[in-house]
Amino acid sequence: MYVDLLVKDTRQNRCKPEDIGIIITPYHKQAQKIRMLLKAHDYDCKVGSVEEFQGSERPVIIISTVRSTVDYIRLDLKHKLGFKKRFNVAVTRAQALLIVIGNPFTLENDPNWKSMIDYCIDGGGCRLCQDGGS
């Protein structure tokens, strides 16, 4: 779990759970599961939709793009992955570290995500799965 790595890191610059925000699309069940998992580890991280982070920032933001598999590319493109209008808000909430969890092969079909993925790859800040999975 990324939060474990961020909070329990042995470096001096590790962060506190309250410094971490987790942005997800508005799927109530997913938010509920993430909150339960964090609570089980005694982490007090803010979990919410992009709208809930409007006007607030955190040192660390984790964005979950929820379902982004190649099986649903047409559907995701039709609905703009649910993030087009909120993309700028989502990716600018992090003050120091932004972690995006999703399938880059699906996300790159959106011009905003493609630009960001290309920027991260060029800068060495992107870690892709070998099998193309999310």
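The values are calculated or read from the model by the stated rules, or taken from the named source; none is laboratory data. Quick caveat: nothing in here was measured; it's all calculated off a predicted structure. Note: ideal-geometry Cβ built from the backbone for every residue, glycine included; neighbour counts use all protein chains shown.
Taking the stretch 107-126 on its own, how many of its residues are touching a helix residue (DSSP H, G or I) at 6+ places or on another chain (Cβ under 6 Å) and surrounded by 15 or more Cβ atoms within 10 Å (Cβ to Cβ)? Total meeting the criteria: 6. Scanning the stretch 42-64 for residues that are under 16 Å from Leu5 (Cα atoms) and loosely packed, with under 15 Cβ neighbours inside 10 Å yields Asp42, Asp44. Residue check: Thr92 meets all listed conditions (1) farther than 28 Å from Lys16 by Cβ; (2) among the polar types (S, T, N, Q); (3) at pLDDT 75 or above but one, namely (1).
The set of residues in the stretch 9-45 being modelled with pLDDT under 80 and among the basic types (Lys, Arg) consists of Arg11, Arg14. Taking Gly133, is it outside any helix (DSSP H, G or I) and modelled with pLDDT under 85? Taking the combined requirement at face value, the residue satisfies it. At pLDDT 85 or above and surrounded by 15 or more Cβ atoms within 10 Å (Cβ to Cβ): does that describe Asp76? Here the answer is no, as Asp76 does not meet what is asked.
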